[in-house]
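Only one structure is covered here, and it is reproduced in the block below.
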Amino acid sequence: MKLEHIAVWTYQIEALKAFYEKYFEAKASEKYVNEKKKFHSYFLSFDGGARLEIMEMEGVPVSENDIYKQFTGLIHMAFELESQSAVDLLTERLHQDGFEVVGQPRITGDGYYESVILDPDGNRLEITFNLN
């Protein structure tokens, strides 16, 4: 069994698609549109087989969770890179392009070198290298 995909709601689907394509080399599906429900989505595919569905639909309430605090439910997505220097470089590139770094690159207690950034919607993304 494998995890097929993770999905997130957004009110800026094209910006989120462009972000994951530019910084995480996502390959987007054709846009799915359901005019009756005013629902739009893309599946973003990543190397290794993981997929992220980004969805937009009128009437979906904006999250009231504080992006700077932990809470139950989905809290982050992690992207593994090929080296510690790749983590540093992507973190710095995102920072220079105006994205917020909420966790500077560091070695974690569970064997990763990682940073944490916020995507355009404030979703937490770990940029990791597995030291094990």
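The values are calculated or read from the model by the stated rules, or taken from the named source; none is laboratory data. Because the structure is predicted, anything quoted here is derived from the model rather than measured. All Cβ positions, glycine included, derive from the backbone under ideal geometry; neighbour counts span all protein chains shown. With ligands, DNA and RNA removed, areas are computed over all heavy atoms of the protein, side chains included. Shrake-Rupley method; radii C 1.70, N 1.55, O 1.52, S 1.80 Å.
Can we say Glu53 is under 16 Å from the mean Cα position of the chain (by Cα), open to solvent by less than 30 Å² (accessible area, probe 1.4 Å) and either of a type in the set (D, E, K, R) or over 17 Å from Leu125 (Cβ atoms) (or both)? Yes; evaluated as a whole, the condition is true for this residue. Any chance the range 29-38 includes a residue that's touching a Ser or Thr at 6+ places or on another chain (Cβ under 6 Å), within 29 Å of Met1 (Cβ to Cβ) and open to solvent by 70 Å² or more (accessible area, probe 1.4 Å)? Yes, that holds for at least one residue. Among the residues of the range 6-52, those that are over 23 Å from Ser63 (Cα atoms) and among the aromatic types (Phe, Trp, Tyr) comprise Tyr23, Phe24, Tyr32, Phe46. In the range 82-89 there is at least one residue that is charged (D, E, K, R), under 30 Å from Glu30 (Cβ atoms) and either out of contact with any Phe, Trp or Tyr (no Cβ under 8 Å at 6 or more places or on another chain) or exposed (fewer than 13 other Cβ atoms within 10 Å of the Cβ) (or both). You will find that of Ser41, Ser63, the residue that is in contact with a Phe, Trp or Tyr (Cβ under 9 Å, 6 or more places away or on another chain), small (Gly, Ala, Ser), assigned to a loop (DSSP other than H, G, I, E, B) and on the phi < 0 side of the Ramachandran plot is Ser63 and no other. Quick one: in the range 90-132, of everything that is assigned to a loop (DSSP other than H, G, I, E, B) and acidic (Asp, Glu), which residue is least open to solvent (accessible area, probe 1.4 Å)? This residue is Asp119. Taking the listed residues Asp121, Asp66, Asp88, Asp110, the one that is touching a residue at least 60 places away in the same chain (Cβ under 8 Å) and out of contact with any Asp or Glu (no Cβ under 7 Å at 6 or more places or on another chain) is Asp121, with no other qualifying.
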